[in-house]
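Colleague: The structure is given below, and queries will be raised subsequently.
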Amino acid sequence: MDLNEAAKLLGQARHVVVFTGAGMSAESGVPTFRDALTGLWSRFDAQALATPQAFDEDPALVWGWYEWRRQLVQRVRPHQGHLAVARMAAHTPELTVLTQNVDDLHERAGSTSVTHLHGSLFAPRCTECTRPAPVPDTTGDQPDEGRRVDPPRCPHCDGLIRPGVVWFGEALPQEALEAAAVAASTCDVLLTVGTSGLVYPAAEIPRLATRYGAAVIQVNPQPTPLDPIARVNLRGPAAEVLPSLVSTAWPQ
Ligand code: APR
């Protein structure tokens, strides 16, 4: 049975990489990008908003959209799958969490040293001096989807503050990419959860792991381009599959 095979691989691993995408946040209520029904793509032209050009043209529209997303994330909670990933740290000698997600659900579930390949909604920075900026205190406020909100100004140089996420056409943070490449090339098992495996260079991570001999386990209700490289494909939602996988790999 696939779950038992996956649990055996996980239980015997010295170094596990957990590589997550938007599907990992879906059951917490954060829409995925490519889900045709409710994904952010269908409600917004997210691709048009997630570019440096869009921010240059209308900083308030782009800042307002990311503020809406950040506050949506602050209103939802990590699910049992996030908690299962956090529990893995107590069992596997080395655990690296790499995520394409810009939310903080892994951290709020207790995972430490999460590497954000596409940045974070909680790391705004100055467009001029690039210093980190504080996350606005917006408790109680809730901008409507699409409401324009003027971005704050940098207290050091008065530059515009931008969201700390990677936009289309921008390079991924070099430090994050390097950490991901080291982890992928030294792990025994890479558990890929909730990603369509379509967006590079992040999508290269599971493929790099197989080239270095790691076993890839995939958790996704749907088939993806990663199916052929996965040793085990667990067809199901993260919040259901991950707790079963962890409790089978490391029975209490
Ligand atoms: N559990 C596991 N997987 C799920 C679940 C779930 N409950 N619900 C959906 N999925 C899967 C979908 O089947 C899909 O394969 O999650 C995947 C989501 O794919 P995408 O929406 O393409 O998200 P992702 O792979 O993270 O996109 C990568 O693209 O747009 C950029 O920067 C953005 O980080 C994002 C990147």
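Colleague: Just checking, how many residues over segment 163-185 are among the charged types (D, E, K, R) and more than 13 Å from the ligand (Cβ to nearest atom)?
Modeller: 2
Colleague: Filter segment 186-197 down to residues that are assigned to a loop (DSSP other than H, G, I, E, B) and either more than 9 Å from the ligand (Cβ to nearest atom) or surrounded by 24 or more Cβ atoms within 10 Å (Cβ to Cβ) (or both), then give me how many there are.
Modeller: Kept after step one, since they are assigned to a loop (DSSP other than H, G, I, E, B), are these residues of segment 186-197: 187-188, 194-197.
With the extra rule that they be either more than 9 Å from the ligand (Cβ to nearest atom) or surrounded by 24 or more Cβ atoms within 10 Å (Cβ to Cβ) (or both), the set shrinks to 187-188, 194-195.
The number of residues fulfilling the criteria is 4.
Colleague: Testing T248 on (1) assigned to a loop (DSSP other than H, G, I, E, B); (2) open to solvent by 40 Å² or more (accessible area, probe 1.4 Å), one condition comes back false. Which one is that?
Modeller: (1)
Colleague: Would you mind finding the one in R235, R231 that is farther than 29 Å from G169 by Cα, open to solvent by 30 Å² or more (accessible area, probe 1.4 Å) and touching a residue at least 60 places away in the same chain (Cβ under 8 Å)?
Modeller: Details: R235 fails: touching a residue at least 60 places away in the same chain (Cβ under 8 Å).
Criteria check complete, one pass: R231.
Colleague: When you go through L172, L198 one by one, which is the residue that is out of contact with any helix residue (DSSP H, G or I) (no Cβ under 6 Å at 6 or more places or on another chain), under 27 Å from A50 (Cα atoms) and at pLDDT below 95?
Modeller: Numbers: L172 fails: at pLDDT below 95.
Only one candidate passes the filter, namely L198.
Colleague: Let me ask something additional. Out of the residues in segment 19-60 that are more than 22 Å from G164 (Cα to Cα) and open to solvent by less than 80 Å² (accessible area, probe 1.4 Å), which is modelled with the highest pLDDT?
Modeller: Out of the qualifying residues, it is D35.
Colleague: Moving to a separate point now. Which of the residues belonging to segment 113-142 are open to solvent by less than 50 Å² (accessible area, probe 1.4 Å) and without any contact (Cβ under 8 Å) to a residue 40 or more places away in the chain?
Modeller: Once the filter is applied, which keeps residues that are open to solvent by less than 50 Å² (accessible area, probe 1.4 Å) and without any contact (Cβ under 8 Å) to a residue 40 or more places away in the chain, segment 113-142 yields V114, C126, C129, A133.
Colleague: Filter segment 198-220 down to the residues that are assigned to a loop (DSSP other than H, G, I, E, B), in contact (Cβ under 8 Å) with a residue 40 or more places away in the chain and of a type outside the set (V, I, T) and list them by number.
Modeller: Step one: filter segment 198-220 for residues assigned to a loop (DSSP other than H, G, I, E, B), giving 198-203, 212-214, 220.
Next, only the ones that are in contact (Cβ under 8 Å) with a residue 40 or more places away in the chain stay: 198-199, 202, 214, 220.
Residues satisfying the conditions are L198, A202, A214, N220.
Colleague: State the number of residues belonging to segment 87-109 that are open to solvent by 20 Å² or more (accessible area, probe 1.4 Å) and either within 13 Å of V18 (Cβ to Cβ) or not in a loop (DSSP other than H, G, I, E, B) (or both).
Modeller: 9
Colleague: For segment 200-221, enumerate the residues that are more than 9 Å from the ligand (Cβ to nearest atom), open to solvent by less than 30 Å² (accessible area, probe 1.4 Å) and among the polar types (S, T, N, Q).
Modeller: Q218
Colleague: Of all residues in segment 222-245, how many are away from the ligand (no atom under 12 Å from the Cβ) and part of a loop (DSSP other than H, G, I, E, B)?
Modeller: 2
The values are calculated or read from the model by the stated rules, or taken from the named source; none is laboratory data. Please read all numbers here as calculations on a predicted model, not as lab measurements. In this analysis, Cβ positions are derived from the backbone assuming ideal geometry, glycine residues included, and neighbour counts consider all displayed protein chains. Quick note on the areas: whole protein, heavy atoms, side chains included, nothing else; ligands and nucleic acids left out. Shrake-Rupley method; radii C 1.70, N 1.55, O 1.52, S 1.80 Å.
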